[in-house]
Structure formats: C-alpha cells, structure tokens
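Report on the following structure.
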Amino acid sequence: MRKSSDWVRVSNGQRCLRLPVLLAVLLAAGIPHGLGQEPEAQARDPNLANPTQVVTVSVKGYTVAGLVTYLKDAKAFKHGIALFPGHPGIMKLREENGQPRFELRGNFLVRSRRHWLDGETLVVVIDAPSDQWATFTQAFRETPRYGADVAALLREVARRHAVEEWTFVGTSEGSVSAFHAARMDPQLARRTILTSSVFQPSGNGPGLSAANWDKLSSRLLWVHHESDPCRYTPYRDAQRFAERSKSPLLTVRGGAPGRGDPCQALTAHGFVGVERETVLAMRSWVKTGVVPPDVAP
C-alpha cells in the first residue's frame, strides 16, 4: 500500500504518484518508461545485415582500425575497396560486447558501403589512427607515417580475407586521405576514386588545391554531383581538376532533396538519393576500367 507521501495532487484535484515513485513502479512491472527512446541506431543500419568485423593493428603505442564488410559465404576477394570517409574522418571505431561501434554512420561512403559488395568484392572503412582522434589534420594525412598506417591495416585485412588488389575511395575531406595514401604506396593502390573532393583551402588545410598529380601513379577517377552545394567542392572545380590530372570525371545528377548543412552528407554533396547508382557506377569502373555513363536516378 502506498504512503500518503508517495502522492501529489495535480491541478484537476486528482492524485498522482510522484515521479520517482512512478518510475520505480514502471521498472518493477517491466514497463519501459523511456517511450521516446528508440533502439540503438546501429541496429537499424542495413549494412550490418552483412558480415561485419573490426580489424585492428597495433603500431608503436597506437592502433589503426578498419570496418570490414563482405557478403556471407564469400571466401576470397579479387577487389578490396578501402573507403576514406569525410570530415572529420574520425570514426572512433571499436568493438563492444562483440559488436562494432563507430561514428560517422551517416557519411556517404559509410552508409552506402553495402552497395559495393559482391562475391569478389570486400570493403573496409578506414578510421583515423587512435592517437589522431582529437585532430586528424590534413597535414598529418600528408605524412609518410599515415601512408604506413594505412598500408599496415590493409595488409592485415588482405591476410585475413585473401584480398588480391586494392582501390582507394575518398569522399569530401576523405579525398585528401585517399590521395595521399595512394600517392605514398603505389604498389598497394591500383586505383583511386575521389568523390565530392575538397578542392578549395579551408581552415582544415589546403584540400587538394596543391596536389601534384604527377606523384599519383594509380589510375584515377573523379566522381562529383553536378549540384554539389558545398563551397569547398564546386562541380566546376571537379571539371578543372579532371582536366589538370588528365583523368575522367563521372558526373552524378538528381537524387533526393537535401537537408542540413550544404557540406554535410545528406545533400547532393553526399549523393543523397542516388547512393546506390553512384556506387554501382564506381564498382563497374573498378571491374572493367571503362568509365560508365553519367549517373542519374
């Protein structure tokens, strides 16, 4: 029986249990009191319907981790796709209770990674090294250490999954990561795909404005949305850089209405509404070497 002190009288004269007492009653009855709280977002991630694992390598007091995804029953992979997500590039990737936990789930390359998969293709999303989780500057991405970190991780993934060759794919500021990692290890990166690339300098660094394309020996494909709204990644610069690097440009059009900041992932900058079509076009180029027609829904 409830004590009189457990109750409070409300404006209509009726008595209700005080909030702490009400919560205790609900918990005891097994009734959830957080009705507005949804299940953890990662449980709704359609990519996690595929086998997914965190691969981590330790290097001199820090770690480098990648989120590996592949089709069930696939055993060996001709193509490994190394994905470098956009700003800040820091996923804080780890494993908790046997499950992957990470940030940047909404990034274009992270949320669309399942579309790359087939019986001979595996993807790995590359996190910033653990000692760079506070900053991960563009200047660091240019260093030989970063190239060595990426190579160490991909060697371990290839050892576990029998990956024959790698294609590096970066988006937005991740294009800086992909370019420099590929530049520093031409034996590893057979191809490089740069999407929604950062061409203009910003407070984060120079982007690709000073990149020396003669230093990149892998085959290069540019992918850009014609209506990219971000001021650091205009489509006209994609056309100009494609000419400068003597490499093809795959143009994307259409999609869903954007929302949020123009430089974030849920606008044309992140190929919203045309993710699958864009990824399948890139995968086709990886497999055939032929630039597909422009992408439209």
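For the chain, the per residue solvent-accessible surface stands at 48 Å², with DNA, RNA and ligands left out and a 1.4 Å probe.
Set Lys and Arg Cβ to +1 and Asp and Glu Cβ to -1, take the dipole of the chain about its Cα centre, and tell me which of Ala151, Thr56, Ser172 lies farthest positive. Final value for the positive-end residue is Thr56.
Placing a pseudo-label 7 Å from each Cα along the Cα-to-Cβ vector at Arg159 and Ala256 gives an inter-label distance of 4.0 nm.
How many nm is it between the label spots at Glu96 and Trp213, if each spot is 7 Å from the Cα in line with the beta carbon? If labels sit at Glu96 and Trp213, their model points lie 4.4 nm apart.
For the chain, the residue among Leu280, Leu117, Gln187 whose Cα projects farthest onto the positive side of the dipole built from Cβ charges is Leu117.
Tally Lys/Arg at +1 and Asp/Glu at -1 over every other residue whose Cβ is under 14 Å from the Cβ of Phe140; what's the total? Taking every Cβ under 14 Å from that of Phe140, the sum is -3. Near Leu220, the amide H atoms lying under 5 Å from its own belong to Thr192; only residues 5 or more places off or on other chains count, and H is placed 1.01 Å from N. The heavy atoms of Ile193 offer some 0 square angstrom of accessible surface to a 1.4 angstrom probe. The fraction of accessible area contributed by carbon and sulfur in segment 158-258 is 43 percent, rounded to a whole number (1.4 Å probe; ligands and nucleic acids excluded). Simple point charges give the picture: +1 on the Cβ of Lys and Arg, -1 on the Cβ of Asp and Glu, and for segment 50-199 a dipole about the Cα centre of about 140 debye.
Rolling a 1.4 angstrom probe over the protein chains, ignoring ligands and nucleic acids, what is the accessible area of Tyr235 in square angstrom, nearest 10? The value for Tyr235 is about 40 Å². Our estimate of slack between Asp294 and Val59, defined as 0.36 nm per intervening residue step minus the Cα-Cα distance, is 80.4 nm.
Which value in Å does the Kirkwood hydrodynamic radius of segment 126-273 take, with 1/r averaged over all unlike C-alpha pairs and then inverted? About 15.8 Å, per the Kirkwood formula over Cα pairs.
To the nearest 500 deg cm²/dmol, what mean residue ellipticity at 222 nm is calculated for the chain from DSSP H runs of n ≥ 4 alone, each contributing -39,500 (n - 2.57), summed and divided by the residues? Rounded to the nearest 500, it is -7500 deg cm²/dmol.
If you take all other residues with their beta carbon under 13 Å from the beta carbon of Glu277, and give Lys and Arg +1 and Asp and Glu -1, the sum is +1. Within the shell defined by Cβ-Cβ distances under 14 Å, the residues around Ala256 carry a net charge of +2, with Lys and Arg each +1 and Asp and Glu each -1.
In this Cβ point-charge picture (+1 for Lys and Arg, -1 for Asp and Glu), the chain has a dipole of about 480 debye about its Cα centre.
Distance between the C-alpha centres of segment 170-223 and segment 81-126: 19 Å, rounded to the whole angstrom.
For Glu277, what accessible area in Å² do you get when you roll a 1.4 Å probe over the heavy atoms of the protein chains, rounding to the nearest 10? We get 70 Å² for Glu277. Cross-link pairs exceeding 28 Å in C-alpha to C-alpha distance, out of Lys60/Lys246; Lys75/Lys246; Lys78/Lys215, comprise Lys60/Lys246; Lys75/Lys246. Placing dummy labels 7 Å off each Cα toward the beta-carbon, the span from Glu243 to Ser284 is 2.6 nm.
For Thr137 and Arg276, the difference between the fully extended length at 0.36 nm per residue and the C-alpha to C-alpha distance is 47.1 nm. When +1 charges are put on Lys and Arg Cβ atoms and -1 charges on Asp and Glu Cβ atoms, the dipole computed for segment 58-109 relative to its Cα centre reaches about 100 debye.
The values are calculated or read from the model by the stated rules, or taken from the named source; none is laboratory data. Model, not experiment: these values are computed from the prediction. Cβ: placed from backbone, ideal geometry, glycine included. Neighbour counts: every protein chain shown. We work out accessible area using only protein heavy atoms, side chains counted, and drop any ligands, DNA or RNA first. Shrake-Rupley method; radii C 1.70, N 1.55, O 1.52, S 1.80 Å.
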